[in-house]
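The block underneath contains the structure these notes are about, expressed in structure tokens.
The values are calculated or read from the model by the stated rules, or taken from the named source; none is laboratory data. Here the structure is a predicted model, which means the values were calculated and not measured. All Cβ positions, glycine included, derive from the backbone under ideal geometry; neighbour counts span all protein chains shown.
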Amino acid sequence: MWKFVVPFVLFIILGAFLWVGLNRDPSYVPSPLIGKPAPEFTLPSLQDPSYQVASKEMMGKTWILNVWGTWCGGCREEHPTWVAIAQQGTVPIIGLNWRDDNASAQEWLRQLGNPYAAVATDHDGRTAIDWGVYGAPETFLIGPDGKIIYKHIAPMTFDVWAKEFLPRIQAAQAGQGAQS
Amino acid sequence: MSRLGFLRAGLVAVGIAFAGLGYAIDTERDFADPVLQARYEGITKELRCLVCQNETIADSNADLAIDLRREVHKMIADGKTDEEIKEFMLNRYGDFVLYKPRITGKTVILWGAPVLMLLFGVVAAGRFIRKRAEEADIPTETDQAGPEAGQS
């Protein structure tokens, strides 16, 4: 009896592991930064390099940090989604232009529309390292307490925005309302 | 020199000619101090390039790997210890960034599973062998008994 039951149970366990493994995305790396204070940055603005975009100014607000570059295919894919989301005006979207040159980035925004409240330019990729960025596009949601609430690694879609972001934004804003 | 000898010499020559390619990726930075250089090479070989996950940042040409090598170089030059550099990477990229993950609550299964499986295998094999030995004993007795019984 045990001769058949034990291998069968082992087979089911192994099968379950492999089945789960099949459906997971191996390129997804969970961020250790979730729930931790967002790394600070002060970087020159894309539109006017003499102006500094500082993450500290966003303290007290719920906001989005979107990491993009004109060299990034997924960023082009998600760009119209951001333009539409920005029109709804739910939260300010800050762009982090990663390892890019200002001329092409400005041209990109002229052609495709600008969903960003401000764009910080990270030419040497130092700020992206602080945020644990490893592949654009990446999108962070930061709460009013300055902590990272959520991270999405892939082009933004309306589905992801509605399912993963909007409920968390509402929760963050409700929490803020209760405090003040 | 025999023909085989020529062939061997030729293969060695080709091997030497291509050997340099293995070192061609990271050419931008060098320490004058060989100790620091060895540390730099050691650490960059232990860190995973997250864009191209099966390469270390020492082996990768990805932009992120170049940036991370620059950071490692800077931290070594600033006198940071290996532990501090690894901590820096872990805080940003998580356990996955280390090719040899630390033993923590999250990675204990990763480290423990091979040991458990080996133990399980030893116990299972031990039981199997003992059982076979016991079973094998019985037929030899009957085998011996059989012909004897037949003879008498």
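Just so you know, in segment B:84-124 the residues that are at pLDDT below 90 and basic (Lys, Arg) include one that is nearest to the chain's Cα centre (by Cα), and it is B:Lys100.
Summed over segment A:137-154, the residues that are in contact with a Lys or Arg (Cβ under 9 Å, 6 or more places away or on another chain) and within 15 Å of A:Trp98 (Cβ to Cβ) give a count of 3. Considering the conditions (1) touching a Leu at 6+ places or on another chain (Cβ under 8 Å); (2) among the polar types (S, T, N, Q); (3) facing chain A (nearest Cβ under 8 Å), B:Thr56 is excluded by exactly one of them, (3).
Here A:Asp101 passes the criteria (1) surrounded by 19 or more Cβ atoms within 10 Å (Cβ to Cβ); (2) within 14 Å of another protein chain (Cβ to nearest Cβ) except the one numbered (1). Of the residues making up segment A:72-114, those that are touching an Asp or Glu at 6+ places or on another chain (Cβ under 7 Å) and of a type outside the set (A, V, I, L, M) are A:Asn97, A:Trp98, A:Arg99. State whether the residues of segment B:89-99 include one that is free of Cβ contacts under 8 Å to residues at least 40 places away in the same chain, assigned to a helix (DSSP H, G or I) and of a type in the set (Gly, Ala, Ser). Checked against the condition, which is being free of Cβ contacts under 8 Å to residues at least 40 places away in the same chain, assigned to a helix (DSSP H, G or I) and of a type in the set (Gly, Ala, Ser), segment B:89-99 yields no hits at all. The residue pairs whose first member lies in segment A:66-83 and is under 17 Å from A:Thr127 (Cα atoms), whose second member is of a type in the set (A, V, I, L, M) and part of a loop (DSSP other than H, G, I, E, B), and whose beta carbons are closer than 6 Å, counting only pairs six or more residues apart or on different chains, are A:Val67/A:Val133; A:Val67/A:Ala136; A:Trp68/A:Ala136; A:Gly69/A:Ala136.
Within segment B:30-57, restricting attention to residues that are in contact with a strand residue (DSSP E or B) (Cβ under 8 Å, 6 or more places away or on another chain) and not β-branched (Val, Ile, Thr), the residue that is farthest from B:Glu87 (Cα to Cα) is B:Glu55.
Within the option set A:Phe4, A:Phe17, being more than 14 Å from every other protein chain (Cβ to nearest Cβ) and either of a type in the set (Val, Ile, Thr) or out of contact with any strand residue (DSSP E or B) (no Cβ under 8 Å at 6 or more places or on another chain) (or both) holds for one residue only, A:Phe4. Each residue in segment A:77-92 was checked for being surrounded by 14 or more Cβ atoms within 10 Å (Cβ to Cβ) and within 20 Å of A:Pro144 (Cβ to Cβ), and 5 of them qualify.
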